[in-house]
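Enquirer: Next up is a structure, given as structure tokens.
The values are calculated or read from the model by the stated rules, or taken from the named source; none is laboratory data. This one's a predicted model, so the numbers in the text were calculated from it and none came from an experiment. Heads up, the Cβs are rebuilt from the backbone with ideal geometry, glycines too, and the neighbour counts pull from every protein chain shown. Each accessible area value is taken on the protein alone, full model and side chains, heavy atoms only, with ligands, DNA and RNA left out. Shrake-Rupley method; radii C 1.70, N 1.55, O 1.52, S 1.80 Å.
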Amino acid sequence: MIDFFWYPRCGTCQKAKKWLEANNIDFVATDLKEEKPSRNQLEDWFNKSGLPLKKFFNTSGQVYKSMELKDKLPTMSQDEQLDLLASDGMLVKRPIVISGDIVLVGFKEADWEEKLQ
């Protein structure tokens with residue numbers, strides 16, 4: 001069973017959900033807007049993923065743009081960035097899949113096939 005964090009109105013998230021269903025992968029879906037991840041969850045995912053923290057930000061989202069984070073993130077500490085991510089689920093890039101030590105951010109079908117099948 002994997003954890004699938006998404007926003008139901010997001011087209012990419014809908015494609016990812018269909019992919020999981022088509023590949024008979026059991027998952028528990030969590031709406032990032034309704035149930036934002038905690039700072040501890042985000043820090044855990046970041047540490048397991050091996051990705052730069054910036055990859056966890058929804059850089060194309062309205063909240064990101066309205067806060068002008070493109071200019072602010074480079075000067076923020078890791079702790080400040082994690083606190084910010086935890087403050088609003090709409091800042092978090094989606095979908096995110098968590099399966100044990102596997103953390104996938106965004107939907108790249110080839111990556112999902114390699115890591116989840």
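Enquirer: Express in Å², to the nearest 10, the accessible area of Thr30 obtained by rolling a 1.4 Å probe over the protein heavy atoms while all chains stay in place.
Expert: That residue has around 20 Å² of solvent-accessible surface.
Enquirer: Here is a further query. Which value, in debye to the nearest 20, describes the size of the charge dipole of region 35-76 about its Cα centre when Lys and Arg Cβ atoms bear +1, Asp and Glu Cβ atoms bear -1, and nothing else is charged?
Expert: Magnitude of the dipole: close to 100 debye.
Enquirer: Another question, if that's okay. Which value, in Å² and to the nearest 10, is the accessible area of Glu109 when all protein chains are kept and the probe is 1.4 Å?
Expert: Here the residue's solvent-accessible area equals roughly 90 Å².
Enquirer: Okay, next question. Roughly speaking, to the nearest percent, how much of region 51-117's 1.4 Å accessible area is carbon and sulfur?
Expert: The nonpolar share, carbon plus sulfur, comes to 47 percent.
Enquirer: Please list, in order along region 18-31, the HN-Hα scalar couplings obtained from phi with the Karplus expression 6.51 cos²θ - 1.76 cosθ + 1.60 (θ = phi - 60°), rounded to whole Hz, x for Gly and Pro.
Expert: Per-residue couplings from phi come out as 4, 5, 4, 5, 5, 9, 6, 9, 6, 8, 10, 8, 10, 6 Hz.
Enquirer: Can you say what percent of the DSSP beta bridges in the chain, counting only those with both residues inside, are antiparallel? Round to 5. Intermediate results must be reported in sequence, preceding the final value.
Expert: Numbers: 8 of 13 bridges.
Of all bridge pairs located within the chain, approximately 60 percent are antiparallel.
Enquirer: Then there's this: Going out from 0 in 5 Å bins, what whole percent of all Cα-Cα distances in the chain drops into each bin?
Expert: Here the calculated profile for the chain is 2, 12, 24, 25, 19, 11, 5, 2, 0.
Enquirer: GNM, the chain, Cα, under 10 Å: largest mean-square fluctuation among Gly106, Gly11, Gly89?
Expert: The residue that fluctuates most here is Gly11.
Enquirer: Now a separate question. Out of residues 5 or more away from Val92 or on other chains, whose amide H comes under 5 Å of its own, with H placed 1.01 Å from N in the peptide plane?
Expert: Asn58
Enquirer: What does the accessible area of Ser87 come to, in Å² to the nearest 10, when a probe of 1.4 Å is used?
Expert: Surface open to solvent at Ser87 totals about 60 Å².
Enquirer: ³J(HN,Hα) across region 63-73 via Karplus (A = 6.51, B = -1.76, C = 1.60, θ = phi - 60°), whole Hz, x for Gly/Pro?
Expert: Per residue, the Karplus-derived 3J(HN,Hα) values read 5, 4, 5, 5, 8, 6, 6, 4, 8, 8, 3 Hz.
Enquirer: Hey, got the dipole for region 1-55? About the Cα centre, +1 on K and R Cβ, -1 on D and E Cβ, debye to the nearest 20?
Expert: Dipole magnitude for region 1-55 comes out near 340 debye.
Enquirer: Next question. Taking a threshold of 25 Å on the Cα-Cα distance, which of the pairs Lys65/Lys115; Lys17/Lys70; Lys33/Lys72 fall above it?
Expert: Pairs exceeding 25 Å: Lys65/Lys115; Lys17/Lys70.
Enquirer: I've got another one for you. Using 7 Å Cα-to-Cβ label points, what is the Asp3/Asn47 separation (nm, one decimal)?
Expert: Distance between label points: 1.4 nm.
Enquirer: Using alpha carbons only, how many degrees (0 to 90, rounded to 10) separate the axis of helix 39-49 from the longest principal axis of the chain?
Expert: 60
Enquirer: Say we join alpha carbon atoms closer than 10 Å with springs in a Gaussian network model of the chain; which of Asn47, Asn24, Asn58 then has the biggest fluctuation?
Expert: Taking springs between Cα atoms under 10 Å, the residue moving most is Asn24.
Enquirer: Among Asp31, Asp71, Asp88, which one moves the most in a GNM of the chain with springs linking Cα atoms closer than 10 Å?
Expert: Its mean-square fluctuation being the largest, the pick is Asp71.
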